[in-house]
Structures are given as structure tokens and as C-alpha cells.
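K.L.:
Input: one structure, supplied below.
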Amino acid sequence: MTALPLVFDAPRRDKPPRHLADLTREEARAAVTELGQPAFRADQLARHFYRGVSDPAQMTDLPAATRAELAGALLPGLLTPVRHQSADGGRTRKTLWRLHDGALVESVLMRYPDRATVCISSQAGCGMACPFCATGQSGLTRNLSAAEIIGQAVAAAAAMADGEIPGGPGRLSNVVFMGMGEPLANYARVRKTLDALVGAAPHGLGLSQRSITVSTVGVVPAIRRLTEEGLNVTLAVSLHAPDDELRDTLVPINTRWKVGEVVAAADAYAERTGRRYSVEYALIRDVNDQPERADRLGRLLAGHRAHVNLIPLNPTPGSPWDASPLPAQREFVARLRAAGVPTTVRDTRGQDIDGACGQLAAADRVEGVPSVAVPVPSVEPPVPLGGEADQDEA
Ligand code: SAH
């Protein structure tokens, strides 16, 4: 296994209370047994959790006398909805969640004619400090636990099943790790979340790996680890520049892992899975949208198993940057396609509720705390690799 570097240690806070979704099936069975109940009740609890049932009174397959105790011990409420905001005729819904320690995160559910996708957060805040991203401006508060991440997907699945989103009852089909945080800086919990998302009932949501997208700034050792562990989820790499000079400023972790290394790691993943990865590229007016950069990106990716997803920048408060004008976007697309690189422009949902890519910054707006600018990326100097694996594990 590839050891992950120490740079991602999040500030320690009180751990969330124990939750079934953080435990393996065996651990959950042991926990139930310790409470004096037969082990199979762990499966019953898991079924309720993944179906979004949180009220013990509805867990009628559990003995009435122990429902509350079992649910209290293994299914504590970890995510309290603070508010929902809807856009696109109700088909996009952003939810702000409060965690046990007061930390705030957001998730966004988007319903399309043929699918429903939830964009989930893997950390409260983010330590990657990309200057164009709203979340990146607040710094990292802490890693989410697996149960806190899984809970966002479970809530979305339940909202779909219950018909809370216009269009009638439906099914959650896709999960993207494009909310707050850098998923590969919280590897162990994200890995556990992936198992739960694809796990069969009662211990999972039963999604397919390819309908799950893990988006990363390019944490190279963690991409290698995904490759080694035989995962088949869709990989998205946030490149935003084809050259190190510019990328050093847009994605500060680039000073640690360069464009070439990131592309090589993504190539190896694609080679193993046989599937294309996405290259995310926010088009920022006069910053990274020049025709020469399109050509350079084309040369970098031509012949690779890559697909470019251009995202017109969603401007964030306090940032001097703006989206590229349409003609520049079209030129960029045309040049990439001419180089033989499949390219699409993302249709950004939820802009008017600040629910689009890079706009999630819950803490600032809700608590009324002024946004604290973080001029220096919270990325520490390189730490030698080769230490213990799972440095991101608390
Ligand atoms: N940490 C992960 C997930 C971030 S959000 C990552 O970096 O990939 C998902 C995508 O939105 C990333 O590609 C991110 O760079 C992009 N993004 C962030 N802020 C944005 C903004 N203001 N406009 C458009 N895209 C943005």
C-alpha cells in the first residue's frame, strides 16, 4: 500500500459518537451483542439506516423495549438539517447540515430526467486553498467520519424515495465527491464510504462503482492507492492548468505533486480500470483560458484515456476572477477537440443558491462570521513519504 503523507492531518476535535456506519459488519454485530441483543439485530439496524429511517418508533422489527436503546447506541443522529434551499424548479436542492460539534457542511441533490446525483462533502472546510474555490478560503475544520459522509448520501436516497424532489418518488443513482473538502486527504473514511455506497443491502446503498465520482486536486499517493486497491469508481482530477507555473498558483498542492505526476497517476488508474478519467478545468477569464493553454492541454492529454470537463468559473465573493466569456469557452473547446481530446462544458446547476461547484462555504454565511482569507496555502512543506499508512486516520 502507498503510504500517505502527514500533510493532511486535520485539526483534532471530539470524535463524532460511535455509529454503525463506521463499523465493519463484524464490529456492528459485536456491539449489538455487548448490548445483550442477538447479533442479527445489527443487520436490522443497518437496513433502517440505509433506508433513511431514523425514528426508533418506526423500527418495528426490533423489540419495542430495546428500540430506543439500540438506535441510540448505534444510530445516533449525526447530521442535523439546518435548512434546504431549492433551485431549478425544486430539482436542485442544497442542504446545510450541522454536525455534532457545530461544524457545518453542505450537500446538493440534483435530479435530471434520467438520473439523480448527490454532491457530498468529505471534510468540513478544506485545506487545499485553491484561490478560486469558496470552500478553500475557509481552511480545514476537520475530516468527516465515514458515517457523516455516508449519511449525506443516505439522506439524498431517502429524499428521492420519499418523493421530496419534484418528479415523483425516484432512486438516487449517482454520488460525486465534489462538495466541501478534498476526499483523498481523508482517504480512510472516504474508502469506507465507497464500500457503503456500493455495498448490497442491508449494509449499503447498492450503487454501482462507475456511478460514483471521486474528484481530487491530485493527491498522487492516494490516486495510486485507489489503483492498487482495485477500485473502479470514476476518477476526476482537478487540473485547471496544463503547466506547472500556472497550476502552482491555482492548485497550491501542485508545488508538491506536479502536472506530469498527476496525469501519470490518473493514466495508471485508467489503464487498470479500462475507463476514462475526467479532467476538471474551471475556465477563468484571462487566467487559464488562452488559446495557447488549450493547445497545451490538448498536447498533454491527446492519446490519454481522459475526458475534459470544462466548468465556467462560478465567481465566489471576494474573488477578482470571473468566468470566461462564451467565445473564449467555444474556442477552448474547439482546440481541445481538434487535438482529439473529448471535451464537454459542464452545465452548472444551483448557481442561484450558491450550490454550484466551488461555491460551498457554509460556515461563513450561516454563522455570520466574516470570511477569513487564508493567504498562505495550508499545505505544509513536503514530508518524506514512507511512514505509516493511513496518516489521515484519526
Ligand atoms: N477537492 C476536490 C473536490 C472539489 S469541488 C477537487 O479539488 O477535485 C469539485 C470541482 O469544482 C473541482 O474541480 C474544483 O476545482 C471545482 N471548483 C472549485 N471552485 C470552483 C469555482 N468557483 N468555479 C468552478 N469550479 C470550481
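The values are calculated or read from the model by the stated rules, or taken from the named source; none is laboratory data. These numbers were taken from a predicted model, which means no experiment stands behind them. Here the Cβ positions follow ideal geometry from the backbone for every residue, glycine too, while neighbour counts run over all protein chains shown. Protein only, heavy atoms only, side chains kept; ligands, DNA and RNA dropped before computing areas. Shrake-Rupley method; radii C 1.70, N 1.55, O 1.52, S 1.80 Å.
K.L.:
Over the Cα atoms, compute the radius of gyration (one decimal) and Dmax (the largest Cα-Cα distance, rounded to a whole number) for the stretch 226-320, in Å.
P.N.:
According to the Cα coordinates of the stretch 226-320, Rg and Dmax are 13.8, 42 Å.
K.L.:
Sequence gap at least 6, Cα distance under 8 Å: using those rules, report the relative contact order of the chain to the nearest whole percent.
P.N.:
Relative contact order for the chain comes out at 20 percent.
K.L.:
Further, regarding this structure: Under 18 Å from a point 7 Å along the Cα-to-Cβ line of R210: which residues of the stretch 96-118 have their amide N that close?
P.N.:
Answer for the stretch 96-118: 114-117.
K.L.:
Pop a pseudo-label 7 angstrom from the Cα along the beta-carbon direction at both T80 and A30 and give the gap in nm to one decimal.
P.N.:
So the label points at T80 and A30 sit 3.2 nm apart.
K.L.:
Lysines within cross-link reach of K192: Cα-Cα under 27 Å, excluding same-chain residues under 8 positions apart?
P.N.:
By straight Cα distance, K192 reaches K15, K94.
K.L.:
Ignoring everything except DSSP H segments at least 4 long, calculate the 222 nm mean residue ellipticity for the chain; use -39,500 (n - 2.57) per segment, divide by total residues, nearest 500.
P.N.:
-9000 deg cm²/dmol
K.L.:
In addition: Relative contact order for the stretch 213-339: what percent, with Cα pairs under 8 Å and sequence separation of 6 or more?
P.N.:
25
K.L.:
Given an 8 Å cut-off on Cα distances and at least 6 residues of separation, report the relative contact order of the stretch 21-74 as a percent.
P.N.:
27
K.L.:
Under the classification rounded if a/c is under 1.5, otherwise prolate if a/b is larger than b/c and oblate if not, where does the stretch 68-184 fall, given a ≥ b ≥ c as square roots of the Cα gyration tensor eigenvalues?
P.N.:
Verdict is oblate for the stretch 68-184.
K.L.:
Next question, about the same structure. Please compute the net charge surrounding V287, taking Lys and Arg as +1 and Asp and Glu as -1 over other residues with Cβ under 10 Å from its Cβ.
P.N.:
-1
K.L.:
Another one. Which helices count as membrane-span-like in the chain under these terms: full DSSP H, at least 27 Å along the axis by C-alpha, Kyte-Doolittle mean of 0.5 or more?
P.N.:
TM-like helix candidates: nothing returned.
K.L.:
So, one more: Count the net charge of all other residues whose Cβ sits under 10 Å from the Cβ of D88, scoring Lys and Arg as +1 and Asp and Glu as -1.
P.N.:
Residues near D88 contribute +3 overall.
K.L.:
Once amide H atoms are built 1.01 Å from N in the peptide plane, which residues 5 or more positions from L144, or in another chain, come under 5 Å H to H?
P.N.:
Those lying under 5 Å, H to H, from L144 are Q123, A124.
K.L.:
Would you pull out the residues with amide H under 5 Å of V176's amide H, same chain only if 5 or more places away, H placed 1.01 Å from N?
P.N.:
Under 5 Å from the amide H of V176 lie the amide H atoms of V118, C119, I120, T213, each far enough along the sequence or on another chain.
K.L.:
Per 10 Å bin, what is the whole-percent P(r) computed from every C-alpha pair distance within the stretch 49-107?
P.N.:
Going out from 0 Å in 10 Å bins, the stretch 49-107 shows 20, 36, 29, 13, 1 percent.
K.L.:
Might you tell me the accessible area per residue for the stretch 21-74, computed with a 1.4 Å probe and given in Å²?
P.N.:
Computed with neighbouring chains in place, this is 51 Å² per residue.
K.L.:
Another one. Return the single residue from D289, D354, D244 with maximal mean-square fluctuation; model: Gaussian network over the chain, springs between Cα atoms under 10 Å.
P.N.:
Ranking D289, D354, D244 by mean-square fluctuation puts D244 first.
K.L.:
So for the stretch 93-153, taking the charge dipole from beta-carbon charges (+1 Lys/Arg, -1 Asp/Glu), which of M110, S138, Q123 sits furthest toward the positive end?
P.N.:
The residue sitting farthest along the positive end of the dipole is M110.
K.L.:
What area, in nm² and to one decimal, does the C-alpha convex hull of the stretch 21-74 cast on average over all directions?
P.N.:
3.2
K.L.:
Let me ask something else. How large is the dipole of the stretch 21-74 about the Cα centre if only Lys and Arg carry +1 and Asp and Glu carry -1, each at its Cβ, rounded to the nearest 20 debye?
P.N.:
Rounded to the nearest 20 debye, it is 160 debye.
K.L.:
A further question on this structure: Pull out a ≥ b ≥ c, the square roots of the eigenvalues of the alpha-carbon gyration tensor of the chain, then state rounded if a/c is under 1.5, prolate if not and a/b is larger than b/c, and oblate in the remaining case.
P.N.:
Here the chain falls in the prolate category.
K.L.:
Would you work out which of S324, A334, L310 lies farthest towards the positive end of the dipole of the stretch 300-347? Charges go on Cβ: Lys and Arg +1, Asp and Glu -1.
P.N.:
The residue sitting most towards the positive pole is A334.
K.L.:
Please give the charge dipole size of the chain, origin at the Cα centre, charges +1 on K and R Cβ atoms and -1 on D and E Cβ atoms. Round to the nearest 20 debye.
P.N.:
With Lys and Arg at +1 and Asp and Glu at -1, about 880 debye.
K.L.:
Given H placed 1.01 Å from N in the peptide plane, which residues other than close sequence neighbours of A282 have an amide H under 5 Å from its amide H?
P.N.:
H240, I311
K.L.:
Once both labels are modelled 7 Å past Cα along the beta-carbon direction, what's the T60-R330 spacing in nm?
P.N.:
Placing both labels 7 Å beyond Cα along the Cβ direction yields 6.1 nm.
K.L.:
Could you give each residue of the stretch 76-81 its phi-based ³J(HN,Hα) in whole Hz, using Karplus coefficients 6.51, -1.76, 1.60 with θ = phi - 60°, and x for Gly or Pro?
P.N.:
x, x, 9, 10, 9, x
K.L.:
A further question follows. Work from the charge dipole of the stretch 80-367 (Cβ charges, +1 for Lys and Arg, -1 for Asp and Glu, about the Cα centre) and give the residue of T213, T249, G298 farthest towards its positive end.
P.N.:
T213
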